[in-house]
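All remarks here apply to the structure that follows.
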Amino acid sequence: MKFSFTKMHGTGNDYVYVDLFQQKLENQAEVAKVVSDRHFGIGADGLICIAPSETADCRMIMYNADGSEGAMCGNGIRCVAKYVYDHGIVRKDHMSVETKSGIKQLELTVEDGKAVYVKVNMGEAVLKPSGIPVQAEGEDFIARQIEAGGENYTVTCVSMGNPHCVVFTEGIDGMDLEKTGPLFENHPLFPDRINTEFVEVLDDHTLKMRVWERGSGETISCGTGTCAAAVAAVLNGHCPRGEEIEVRIRGGALYDTYLENGEVLMKGPATEVFQGEIEI
């Protein structure tokens with residue numbers, strides 16, 4: 001089976017993109033495993049197929065590197081928007097993309113006929129412990145104390161469609177995440193495990209973050225993680241609500257806004273790396 005592909009990334013979160021407007025692709029889950037392999041394939045965090053939609057401008061079908069289908073990826077969907085705009089499939093600076101977690105609305109920043117930044121409405125932040133989930137009572141889990149590895153931490157938990165635990169601290173560059181990350185990921189408070197953001201407040205509109213993702217370890221970018229960090233920063237009084245917050249991660253920076261209605265906007269770059277053809 002031979003097919004064309006485009007390699008793209010959003011702040012280092014890279015995927016292989018296949019245009020199903022132009023071609024068919026069978027056994028997508030198996031293809032995802034082959035192309036994602038960084039030694040024997042193209043190398044990526046997964047496969048994203050861009051397909052026609054009956055309910056939106058286009059559809060994103062996302063697979064993780066292990067072949068499992070994902071519901072949503074903030075970095076990935078920005079690249080979908082760039083692809084369909086740059087390649088003339090959807091020539092609009094406001095568009096809708098169908099995902100497994102619903103239809104997402106996107107706004108594009110276009111320069112010289114190419115989409116360079118994309119803003120995504122990531123939906124409402126969930127604060128109730130049962131909806132994150134966290135095994136705790138109450139209406140939220142904001143600035144609560146937990147113990148991990150014999151140390152006490154003040155944490156705030158948020159779901160952005162997946163669970164996040166945000167820890168505000170200093171000196172994150174010197175932290176040993178290989179040691180600390182698993183203590184949170186596998187903490188008994190979190191029945192589905194959890195993604196953990198270690199966040200340094202630089203000023204009232206700027207955060208610096210490292211992230212430990214459940215099942216993956218430390219990654220250089222996590223779109224939902226920056227959203228959770230921005231929400232937690234507002235809830236803890238570090239940043240204002242309704243204003244754009246720059247969240248610096250190892251793969252670059254994303255710009256998030258926690259709106260009064262509880263929704264979160266995420267803006268970030270989308271980059272095309274190269275195009276090619278592969279036979280597997």
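The values are calculated or read from the model by the stated rules, or taken from the named source; none is laboratory data. For clarity, every value in this text was computed on a predicted model and none was experimentally measured. All Cβ positions, glycine included, derive from the backbone under ideal geometry; neighbour counts span all protein chains shown. Heads up: the accessible areas ignore ligands, DNA and RNA and are worked out on the full protein's heavy atoms, side chains in. Shrake-Rupley method; radii C 1.70, N 1.55, O 1.52, S 1.80 Å.
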| note | The Cα extents of the chain along the principal axes, largest first and rounded to whole Å, are 54, 37, 33
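With a 1.4 Å probe and all protein chains left in place, how much of the accessible area of region 185-262 comes from carbon and sulfur atoms, in whole percent? Kindly include the intermediate steps, with their values, before the conclusion.
Details: 1210 of 2880 Å².
Using a 1.4 Å probe with all protein chains present, region 185-262 comes out at 42 percent carbon and sulfur.
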| query | Amide H of MET8: which non-local residues (sequence gap of 5 or more, or other chain) have their own amide H closer than 5 Å, using H built in the peptide plane? | reply | TYR15, TYR17, VAL273
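Dipole size in debye (nearest 20) for the chain around its Cα centre, Lys and Arg Cβ +1, Asp and Glu Cβ -1? Mind showing how you got there, number by number?
On the way: 25 positive and 43 negative charges, 111 e Å.
Here the size comes out at about 540 debye.
Given region 224-280, what whole percent of its Cα pairs are spread farther than 19 Å?
37
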| field | Nitroxide proxy distance, nm - points 7 Å out along Cα→Cβ at GLU111 and SER130 | value | 4.8
| note | Given pairs LYS119/LYS179; LYS7/LYS100; LYS33/LYS119 and cut-off 32 Å on Cα-Cα distance, the over-length ones are LYS119/LYS179
| message | For region 185-249 and region 128-175, what is the centre-to-centre distance using only Cα atoms, to the nearest Å? | response | 10
| note | Going residue by residue through region 215-222, the Karplus relation 6.51 cos²θ - 1.76 cosθ + 1.60 with θ = phi - 60° gives ³J(HN,Hα) values, rounded to whole Hz and with x marking Gly or Pro, of x, 10, x, 6, 10, 8, 7, 8
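Mind checking region 1-66 for trypsin sites (Lys or Arg not before Pro) that DSSP puts in a loop (not H, G, I, E or B) and that have at most 12 other Cβ atoms within 10 Å? Don't skip to the answer; put the middle values down first.
On the way: sites: LYS2, LYS7, LYS24, LYS33, ARG38, ARG59; in loops: LYS24, ARG38.
Taking region 1-66 and a limit of 12 other Cβ atoms within 10 Å, the loop trypsin sites (Lys or Arg not before Pro) found are LYS24, ARG38.
To the nearest 20 Debye, how big is the dipole of region 208-280 about its Cα centre, given +1 on the beta carbon of each Lys and Arg and -1 on that of each Asp and Glu?
Working: 7 positive and 11 negative charges, 86 e Å.
Here region 208-280 has a charge dipole of around 420 debye.
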| Relative compactness, region 114-213, computed as alpha-carbon Rg over 2.2 N^0.38 Å | 1.14
| So what are the three principal axis dimensions of region 150-190 from its Cα atoms, in whole Å, longest to shortest? | 29, 19, 18
| For LYS2 and ARG144 in the same chain, what is the full-extension length gain: residue separation times 0.36 nm, less their Cα-Cα distance, in nm? | 45.8 nm
| said: Please compute the length gained on full extension between ILE280 and GLN22, using 0.36 nm multiplied by the number of residues separating them and subtracting their Cα-Cα distance. | reply: 91.0 nm
| Calculated from backbone phi, Karplus (6.51, -1.76, 1.60) coupling profile of region 172-178 in Hz, x at Gly/Pro | 5, 4, x, 6, 9, 5, 4
| remark: Listed by chain and number, the residues whose amide H is under 5 Å from that of ALA148, excluding neighbours fewer than 5 places away on the same chain and using placed H, are TYR153
| note | Checking region 1-95 for GluC sites (Glu not before Pro) in a loop per DSSP with at most 16 other beta-carbon atoms within 10 Å yields GLU26, GLU54
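Considering just Cα atoms, how many Å³ per residue does the convex hull of region 60-154 enclose? If you can, show how the numbers build up before the last one.
Details: hull volume 15.7 nm³, N = 95.
It is 166 Å³ per residue.
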| request: Give a residue-ordered list of calculated ³J(HN,Hα) values for region 193-201 (Karplus: 6.51 cos²θ - 1.76 cosθ + 1.60, θ = phi - 60°; whole Hz; x for Gly, Pro). | output: 6, 7, 8, 10, 10, 9, 10, 10, 8
| task | Averaging over all projection directions, find the projected area of the Cα convex hull of region 1-139 and quote it in nm² with one decimal place. | result | 10.1
| said: To the nearest 20 Debye, how big is the dipole of region 1-94 about its Cα centre, given +1 on the beta carbon of each Lys and Arg and -1 on that of each Asp and Glu? | reply: 240
| field | For HIS238, distant residues with modelled amide H under 5 Å away | value | none
| field | Cα lying deepest toward the dipole's positive end in the chain, options ALA136, GLY70, TYR83, charges on Cβ | value | TYR83
| request: Can you send over the solvent-accessible area of HIS87, 1.4 Å probe, protein chains only, in Å² to the nearest 10? | output: 80
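Give me the Å³ per residue figure for the convex hull around the C-alpha atoms of region 156-280.
Numbers: hull volume 17.7 nm³, N = 125.
Spelled out: Cα convex hull of region 156-280, divided by residues, is 141 Å³.
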| remark: Probe 1.4 Å, all chains present, heavy atoms only: ASP176 accessible area in Å², nearest 10, is 80
| query | Say the dipole of region 155-278 comes from +1 at the beta carbon of Lys and Arg and -1 at that of Asp and Glu; which of ALA253, VAL234, GLN275 then lies farthest toward its positive end? | reply | VAL234
| Under 20 Å from the Cα of LYS128, which aspartates and glutamates turn up, not counting those fewer than eight places away in the same chain? | GLU137, GLU139, ASP140, GLU185, ASP192, GLU197, GLU260, GLU263
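Taking all protein chains as present, what is the carbon and sulfur share of the accessible area of region 51-145, in % to the nearest whole number, probe 1.4 Å?
Numbers: 1910 of 4470 Å².
On region 51-145, the fraction of accessible area on carbon and sulfur atoms equals 43 percent.
At a 1.4 Å probe radius, which order do GLU260, GLU200, GLU147 fall into by accessible area, largest first? List each step's numbers first, then the result.
Values: GLU260 140, GLU200 40, GLU147 115 Å².
Accessible-area ranking of GLU260, GLU200, GLU147, largest first: GLU260, GLU147, GLU200.
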